[in-house]
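Report on the following structure.
Nothing in this text is a laboratory measurement; each read-out follows from the coordinates by a stated rule. Quantities reported herein were computed from a predicted structural model and do not represent experimental measurements. All Cβ positions, even for glycine, are placed from backbone atoms using ideal geometry, and neighbour counts span all protein chains on display.
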Amino acid sequence: MKILHTSDLHLGISLCGLPLLPYQKKFCGFLCEAAEEADAVIIAGDVFDTSVASAEAVKCWSSLATNLCLEKKIPVIVCAGNHDGAARLSSCADLLKAAGLYISGALEDAFTPIIIGDTAIYSLPYFNPSDGAVLLGCKPTASAVMKAVTEKILAEADKSKKLILAAHCFAAGGSAAESDISARAAESVGGAENIPLSVFDGFDYVALGHLHKAQTLKSGTPIRYSGTPLAYSFGEAAQKKTVTFYDTETGDITEKEIPSPYTLRTVEGAYEDILTAAESDPCRDDLMKITVTDRYAGDNMFMRLKELYPNLLHFSGKQLERGGGAEITAKEAAELDIISLAKRYSEEKRGTAPDEDELKWLAEALEEIQ
C-alpha cells in the first residue's frame with residue numbers, strides 16, 4: 001500500500017500582503033494528480049491558515065476534498081493543526097467518513113484507527129497539554145501527553161497491521177523554516193514543547209506536520225515532515241517543495257517535487273545598480289524582496305522600483321548607523337513618552353527624525369484620543 005503524505009497547506013495565507021490562494025489552487029490540482037499514485041492521502045494538519053477561514057479558502061478545501069474522496073475514491077486522513085479551528089474543520093466528521101474523509105479534531109479521536117488495507121492509521125490533532133493531562137492522567141506537558149497517547153495506541157493496536165501515526169507537533173531535532181512563526185517562538189523559549197523521538201518507537205511510519213521544511217528525523221522509526229507545499233517566505237526560496245510517498249510493503253520513502261507556481265527572489269545592493277540591472281532583467285514578474293544598501297528607504301524609491309518590478313512585495317533601505325550606546329532596553333523604552341518613542345521609531349525605520357508637521361499631527365491625534 002502506498003500513502004501520500006503532505007501537510008501545512010495553510011489555505012488562505014498571504015505573503016507580504018499578497019494572497020496566495022490562486023497559487024494554492026494550482027497546488028491542489030497537482031495534489032489530485034499525484035494522489036492517483038497512492039491508496040490514501042494523509043494531511044498532517046494546518047489545512048487552513050486561520051481558525052476562521054475565508055469563504056474562498058473553505059471553497060478551495062471543499063473542492064480538493066471532493067475531488068480526492070468522491071471523484072478519485074481516495075481516502076483522505078486529516079488531523080487538525082494549531083492554525084485550524086479544530087471544531088470547525090471536524091464538523092460533520094461522522095457523516096464525512098462515509099465519503100472517505102476522516103478528520104480528527106479532538107484528542108480522543110486519535111485512539112480510533114482508520115483501517116485501510118494492511119494499515120491502521122492513527123490521526124492525532126494538535127492538542128493543548130493541559131487538556132491532554134486531564135484526559136490521560138499525566139503531566140501537563142507536550143512530551144508527557146504524547147508519550148501517554150502513543151503508549152495507549154500501541155497497547156491497543158492490532159500488531160498484524162502496519163501502524164502509522166499522523167500528528168501535528170514539534171518533534172525534537174526538527175528544523176524550523178522562516179515561515180514557521182509558532183515553531184520558532186517555541187524554539188526561543190528553549191524547546192519546552194519539543195517531543196522526544198523515542199515516544200514514536202513502535203510505529204512503522206510517523207507522518208508529521210507543523211514544521212515547514214521537508215525533513216526526515218533520525219530514529220529507528222521513520223519520522224517525516226512533508227513540509228509546506230509552497231514557499232511561504234523569502235527565506236524558503238531555495239527549498240525544494242515536495243509531497244512524500246510511503247510504501248507500507250517495502251518501507252521506502254520517496255518524494256515527488258511540486259512545481260512552484262511562482263518564483264521568490266531577493267535582490268540586495270546599491271540603488272542605482274539595482275535600477276540598471278532591472279532594465280535588462282528578463283524575470284521582472286518574480287515575487288521580489290529588494291534591499292537597498294546605500295540609501296535610506298523612501299516612497300519615491302519604492303514607487304520607481306515598483307514600476308520595474310510589479311510584484312515587489314518587500315522593500316527596505318539602509319539601516320541607521322548607531323553608536324554602541326544608542327540602543328535602549330525595554331525598561332528604558334517603557335519610560336519614554338509617546339513623542340520620544342515616535343522620534344526614535346522614525347529614526348530607526350526611515351533614517352530621519354519626524355518633521356515639525358508630523359510631530360504636530362501626532363500631538364493633535366494624542367490630544368483627541370485623550
query: What list of ³J(HN,Hα) couplings, whole Hz, do you get for the range 124-141 from phi and the Karplus terms 6.51, -1.76, 1.60, once you set θ to phi - 60° and write x for glycine and proline?
result: 10, x, 4, 10, 8, x, 5, 5, x, 5, 5, 5, 10, x, 10, 5, x, 10
query: What residue among 60, 79, 283 shows peak mean-square fluctuation when the chain is described by a Gaussian network model with Cα springs under 10 Å?
result: 283
message: Could you work out the pair-distance distribution P(r) of the range 1-148 from its alpha-carbon pairs, with 5 angstrom bin width and percents rounded to whole numbers?
response: 2, 9, 18, 22, 20, 14, 9, 5, 1, 0
- prompt: Given +1 on the Cβ of Lys and Arg, -1 on the Cβ of Asp and Glu, and no further charges, what dipole in debye does the chain carry about its Cα centre, rounded to the nearest 20?
  reply: 980
Highest-MSF residue in the chain out of 29, 100, 298 [GNM, Cα springs under 10 Å]: 298
- request: Would you compute the Debye intensity of the chain from its alpha-carbon atoms alone, equal scatterers and no solvent, and pass along log10 I(q)/I(0) at q = 0.06, 0.07, 0.13 Å⁻¹ to two decimals?
  value: -0.30, -0.40, -1.04
query: Of the beta bridges DSSP finds with both residues in the chain, what % are antiparallel, to the nearest 5?
result: 30
- request: Run the numbers on the chain and let me know its relative contact order in percent, using alpha-carbon pairs under 8 Å that are six or more apart.
  value: 13
query: How large is ³J(HN,Hα), in whole Hz, for each residue of the range 15-32 in order, when computed from phi with the Karplus curve 6.51 cos²θ - 1.76 cosθ + 1.60 and θ = phi - 60°, using x for Gly and Pro?
result: 10, 6, x, 8, x, 9, 4, x, 6, 5, 4, 5, 4, 4, x, 4, 4, 5
- request: Name the residues whose placed amide hydrogens come within less than 5 Å of the amide hydrogen of residue 161, ignoring near sequence neighbours (fewer than 5 apart) on the same chain.
  value: none
task: Give the long-range amide H neighbours of residue 312: residues separated by 5 or more places, or on another chain, with amide H under 5 Å away, using H modelled in the peptide plane at 1.01 Å from N.
output: 288
- line: Correct semi-axes for the range 192-247, from √(5λ) of the alpha-carbon gyration tensor and rounded to whole Å with the largest first, are 23, 14, 8
query: Which of the trypsin sites (Lys or Arg not before Pro) found in the range 1-98 are in a DSSP loop and have at most 10 neighbouring Cβ atoms, other than their own, within 10 Å?
result: 73
